[in-house]
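Input: a single structure, listed below in structure tokens.
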Amino acid sequence: MKSFLIIGLSTYGVHLCKELARLDNEIMIADKDPAAVEAMVKYSVSAKICDCTQAEVLESFGADEFDCCFVCLGNNFTETLEISYMLKELGAKKVIAEVNRDLEIKFLLRNGADEAVYPELDAARRIAAKESSDSVFDALALSDGYSVYETETPVKWRGETVKSLNVRAKYNINILATKNEEGMRPMLSPDYRFNGNDHLIVMCHEDDIRRLFKY
């Protein structure tokens, strides 16, 4: 079990809080809006109605005691920047902030945040990758153009082994697992032979997945 501080209950913050709670983590929430805090109290072990741009308020939270602090203020970039900076100054181990524009990412990473999350962009990339090819069933964006994809097995791979195809060297693709009606099979051996029933779970750059399926 880990402990998290969520400052701001934007739509992203609300979903994040619910998911962290579902995974049995301890969560403290803070927001200016009493109604927003009241609606999420049942998912948290501590809840505060307050203005987190005030240094003395943040100091009272003990930011350094949390495994990670999230700043989820929606489109209020100025306050996101201020709070992220102050959290790091107060010794926060890790700060992840929500952004709404690419430009905001650079400012945040230079001024306190360890990571920046852009929910709308991440969702758009996932849907775009999925819908751009009938061979791609799902995608999870990582960074710098890299993603984890669930795909069909390319026709030219079927009947071949991992070793004979030399997938990593020839295609720049890392195969993480195969998936079929029997379940997930990770850590494929070099002698594993691909078949048409498998879905592949792979990690690679978007350019490499495009070349593989030519879309």
Tally Lys/Arg at +1 and Asp/Glu at -1 over every other residue whose Cβ is under 15 Å from the Cβ of residue 56; what's the total?
-> -3
So how far apart, in nm, are the two label points at residue 161 and residue 22 if each is 7 Å from Cα heading toward Cβ?
-> 4.1 nm
Amide H to amide H, which residues 5 or more places from residue 195 or on other chains are under 5 Å from it, using H placed in the peptide plane?
-> 159
Can you sort 205, 15 so the residue with the fewest Cβ neighbours within 10 Å comes first?
-> 15, 205
Point-to-point label distance, residue 169-residue 207, nm (Cα→Cβ direction, 7 Å offset) = 2.1 nm
For region 56-61, in order, what is each residue's ³J(HN,Hα) by Karplus, 6.51 cos²θ - 1.76 cosθ + 1.60 with θ = phi - 60°, in whole Hz (x at glycine and Pro)?
-> 5, 5, 4, 4, 6, 7
Note on the chain: alpha-carbon gyration tensor, axes a ≥ b ≥ c; rule is a/c under 1.5 for rounded, else prolate if a/b larger than b/c, else oblate; result prolate
What list of ³J(HN,Hα) couplings, whole Hz, do you get for region 86-92 from phi and the Karplus terms 6.51, -1.76, 1.60, once you set θ to phi - 60° and write x for glycine and proline?
-> 5, 4, 5, 4, 8, x, 4
Please identify the longest segment of the chain free of exposed GluC sites (Glu not before Pro), where exposed means a DSSP state other than H, G, I, E or B and no more than 13 other Cβ atoms within 10 Å.
-> 1-180
Anything over 22 Å Cα to Cα? Flag those among 130/163; 32/106; 2/179; 18/94; 42/94; 94/179, in the order listed.
-> 130/163; 32/106; 2/179; 42/94; 94/179
Of the DSSP beta bridges with both residues in the chain, give the percent that are antiparallel, rounding to the nearest 5.
-> 55 percent
Simple spin-label model, 7 Å along Cα-to-Cβ: residue 132 to residue 46 in nm?
-> 4.4 nm
From a point 7 Å beyond the Cα of residue 181 in the direction of its Cβ, which residues of region 189-214 have a backbone N at a distance under 14 Å?
-> 196-199
Cβ-defined net charge surrounding residue 85, 13 Å radius [Lys, Arg +1; Asp, Glu -1] | -2
Going fewest to most other Cβ atoms within 10 Å around each Cβ, 144, 102, 31 line up as 144, 102, 31
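All of the numbers you see were taken from the coordinates with simple rules; none came from a lab. Predicted model only: the values in this text are computed from it and were never measured. Note: ideal-geometry Cβ built from the backbone for every residue, glycine included; neighbour counts use all protein chains shown.
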